[in-house]
Structure formats: structure tokens, C-alpha cells
Amino acid sequence: MFPTKKRDTYFESILKSGYSRRDFMKFATFMAAYMGLETTAIGQIAEKLQNTPRVPVIWEHFQECTCCSESFIRSDHPIVADIILDQISLDYTMTLMAASGHQAEAAKHDTMEKFKGKYILCVEGSVPLGDDGNYCTIAGRTAIDILKESAEGAAAIIAWGSCASNGCVQAAAPNPTNAVPIHKIIKNKPIIRVPGCPPIGEVMAGVIVHYVTFGRLPETDRLGRPKAFYAKRVHDSCYRRPYYDAGLFAETFDDENAKEGYCLYKVGCRGPMTYNSCGTIKWNNGVSFPIQSGHGCIGCSEDNFWDNGPFYERMTNMPGFGIESNADKVGKVAAVAVGAGLVAHGVVANVRKRRFLKTRITRGKENLQQLDVENNKTEE
């Protein structure tokens, strides 16, 4: 057993890392904004982080590429990586902890025993059920055995990325390993799904900060995703949306329309059916996201996105309403609307012109009559 010691609060950990209280308050403001909370919540977040001992975290890795961890440590705000990875007391993660082998496993089991019912279990990767789970064997144990053991004493479970949330590429047809997401195995624990390939680092941090602040996981949608980050379609926050509504599309990735920034729906963009924060929070310190970089959305935060058709073929009958049910109609509707507008404008213009001419003629006649009257008076 490891010696028991007092766990620092988040604030104490941040100060020990060389940050100031001002930096700490900026971080609290930063997270409140990303979580979509009111400004009054900033003080609540700061108070909790200042007085709450660091929550123990066990981070398991199964069938995945570690892109979720990579995204996490490259967050826009430096404290995000520090508070989550270095200072959140990440008691176990195979990719980031210094210890390995028996020492690493001993640290994990020590945390599971001392903080039973209090630690957060983060899971990155899907779990294979085929061949009795032998497709993903770690230290002689199957992934499913490790997952069940780690989940038993967890207060809550966070499924990082599309692999853990919906199976991702491992679960794509024909799914030879019979890979499944975490919620298909663990049924008796609160689980929040944070899909994406990978999810945005600030979104991942926001989920943990919400748990620390309010003592519960964030409110979720019907797919178990946090509403604060997955409530809007990428389509609704995309800067190319006006082109979609106007029926202006890129036909290929290298045509003039693509260079002008037209909508990428016709080259396969799935923004109209994908819920995520890519267009608002963005990536790389908030600089860009795939659509802004010229590539259509592949819908990585949606279930079965690998099997929803080729990425570079447009999808007809998009789920939605009105003209959005089929984007191929948008151009026709726009053209008809423009044509009707031109006709209406012409009719109105002609009517106004006729009225103007009629008025001018009437006034001219009146002026002539007035002149005749004045001339007759002069002659008399």
C-alpha cells in the first residue's frame, strides 16, 4: 500500500505549478464560458476548485489510437492540461504516467481501494467481445475484465472519444473483433459519452470541471452526450451556412466554388446531421476546424459514422425540416425564389413607372389648361 497523504485542492496544485491567482480566475472564467454557464457560475467554479481535493482519476486505454489523450494535452488553455493531467491526480494512465508494469498496477489498485465510490473512471477505446475478449489482452487479462474491475468502484464513467462512445472504426462493418462501446457493457454506473475522433480538449476539460463543481455529470442528450457541447449541429454554427441556404455549393474540392468558401455539402460534408462544438470552440487554440480548413465534416461524433456511407459522397434526405430535408432542392428553391423576385421587381417597377408617367401627363395637361386660361385673360 502507498502511504496516505493529504490531497491538494485544485487551487493549491495550480499555485504549486507556478500559476497566479489571477491565472486561476481566468481559468474559471474560461471554463464557465465553454460550458455555456452564466457569469454568476464563475465564482462557484472558483470556490469549488479552491476548496475541493483533487478527484482521483483512473484512465484506461483499450482499442484506440490515443488521439483523445493527444487532444487533451493540446488544449487552448495551459491550465487545462495541468489541472487535468498533471494536477487532477491522474492516478493511472498507461500512456502518461511515469510508472510502468507492477508499479503502475499497484498505484491503480491502491486508488481503487482507498477511494472506492469516489474516483472517476475515464475510458479511451472500445472493448472487443469476440473470441472471449482476447483481441485486446493487457498483461494477460482481457479488456472486458479490466473494464469491469475498474468500473466497480467508480463514482462515474467518462467515455472519451468515438471508440469508447460508439465503437468508431473498430466497430465498423464487418466488425471482426465484435467491438462495442462502454455503455454496452457497464449498465449500473452513470456514464457520459464525449464522442469525436478525437473530442475537443476544452470539451473534455469542461466535463471534468463540471463534475468537480457540481458533484454530478453534466446534463446529457438522448445519446448520453453533454448538451453544453453537443446541443447544436455543426451546420448551424458553420460560417459556410449562408452559402448552403443560398444554394451555392462546391462541386469538387479544387473548383472555384471551393476556393470561394462555398458550402461543402455536395462533396460529402455531414455538418447538417452532426452535433458538436467544432464551429464554435474550434481546434488549435481556437484557430480552425475541419470545414474551415477545406474538408467536409465526417460526422465523427455520431453513432455508426463509419458505416453511414462514403465520406466524399453527399447524403440525401438529411434529417431536419423544411428545405433541409434534401439539400439538392436548395439550389432550385433559391433559383425559383430569385426568379420570382426578379419578376416581382419588374412588375412593381412597371407599375410605378406607369403611375409616374400618368401623373406627369395629367400634370402636363393641367399646366396647358392653366396656360390657355392665362393667355385668354391676356388677350381680353
With bins of 10 Å, the percent of all Cα-Cα pairs of the range 230-282 per bin from 0 is 28, 52, 20, 0
Residue 107 and residue 252 label points (each 7 Å along its Cα→Cβ direction) are spaced in nm at 5.3
One finds, for residue 132 and residue 288 with R0 = 51 angstrom and r their Cβ-Cβ distance, a FRET efficiency to the nearest 0.05 of 0.70
Each label sits 7 Å from Cα toward the beta-carbon; between residue 66 and residue 239 the label points are separated, in nm, by 3.4
Listing 168, 67, 297 by rising number of other beta-carbon atoms within 10 angstrom, fewest first, gives 67, 168, 297
Placing one equal point scatterer on each C-alpha of the range 10-230 and summing with Debye, one gets log10 I(q)/I(0) at q = 0.16 Å⁻¹ equal to -1.09
Residue span residue 307 to residue 15: 0.36 nm per residue of separation minus Cα-Cα distance leaves a gain in nm of 100.4 nm
So residue 52 and residue 23, fully extended at 0.36 nm per residue minus their Cα-Cα distance, gain in nm 8.6 nm
Note: residue 189 to residue 149 extended length (0.36 nm per residue) minus current alpha-carbon separation gives 13.1 nm
In the structure shown, of 48/108; 6/232; 48/282, the pairs separated by more than 32 angstrom at the C-alpha atoms are 6/232
The FRET efficiency for residue 40 and residue 227, from their Cβ-Cβ distance with R0 = 22 Å and rounded to 0.05, is 0.70
Expected sort for 61, 295 with the fewest Cβ neighbours (10 Å cutoff) up front is 295, 61
Placing each pseudo-label 7 Å from Cα in the direction of the beta carbon, residue 8 and residue 73 end up separated by a distance in nanometres of 1.9
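FYI, it's all coordinate maths here, none of it is from the lab. This is a predicted model, so every value here is computed, not measured. Positions of Cβ are generated from backbone atoms using ideal geometry, with glycine treated the same way; all protein chains shown enter the neighbour counts.
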